[in-house]
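Scroll down for the structure; my scribbles are underneath it.
The values are calculated or read from the model by the stated rules, or taken from the named source; none is laboratory data. Since the structure is predicted, the reported quantities are computational estimates derived from the model, not experimental observations. Cβ sites come from the backbone with ideal geometry, for glycine too, and all protein chains shown count toward neighbours.
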Amino acid sequence: CPPPPPPAPTATCPRDALKLGVCVKLLDDLLHLVVGTPPKKPCCPLIEGLVELEAAVCLCTALIKANVLGINLNVSISLSLLLNYCGKGIPAGFQCA
């Protein structure tokens with residue numbers, strides 16, 4: 001029998017999740033069609049340099065915390081919108097839960 005495959009690595013967020021709250025503010029601007037283009041700072045620089053999986057985990061964590069605080073968001077749409085706006089993609093098979 002071949003050896004079992006190694007377990008998939010669990011991704012973590014190498015950033016301070018509290019700082020990612022600014023991304024929820026950016027999302028609010030994007031969803032409410034603020035006149036002009038909402039600034040990518042300070043949200044996007046926080047996830048620059050991260051691989052897509054790390055960026056997705058970081059933003060997922062921030063969005064879930066926002067939902068817990070009573071900000072009602074569709075997490076999967078919000079995550080996709082933020083990642084795309086910051087020039088990242090959602091990793092294949094990634095579930096924000």
Pairs, please: C-beta under 9 Å, at least 6 apart or cross-chain, first residue of a type in the set (S, T, N, Q) and in the range 83-97, second crowded, with 17+ Cβ neighbours inside 10 Å? Asn84/Ile90; Gln95/Cys60
Can you list residue pairs whose Cβ atoms sit under 9 Å apart, with the first residue in the range 35-46 being more than 15 Å from Leu81 (Cβ to Cβ) and the second being of a type outside the set (D, E, K, R) and assigned to a loop (DSSP other than H, G, I, E, B)? Count only pairs 6 or more apart in sequence or on different chains. Pro45/Cys86; Leu46/Cys86
Being crowded, with 16+ Cβ neighbours inside 10 Å and of a type in the set (Ser, Thr, Tyr) narrows it down to one residue among Thr37, Thr61; which is it? Thr61
Filtering the range 49-72 down to residues that are free of Cβ contacts under 8 Å to residues at least 24 places away in the same chain, farther than 11 Å from Cys13 by Cα and part of a loop (DSSP other than H, G, I, E, B) yields Gly49, Leu69, Gly70, Asn72
Would the range 84-94 turn up any residue that is at pLDDT below 90 and either surrounded by fewer than 17 Cβ atoms within 10 Å (Cβ to Cβ) or not aliphatic (A, V, I, L, M) (or both)? no
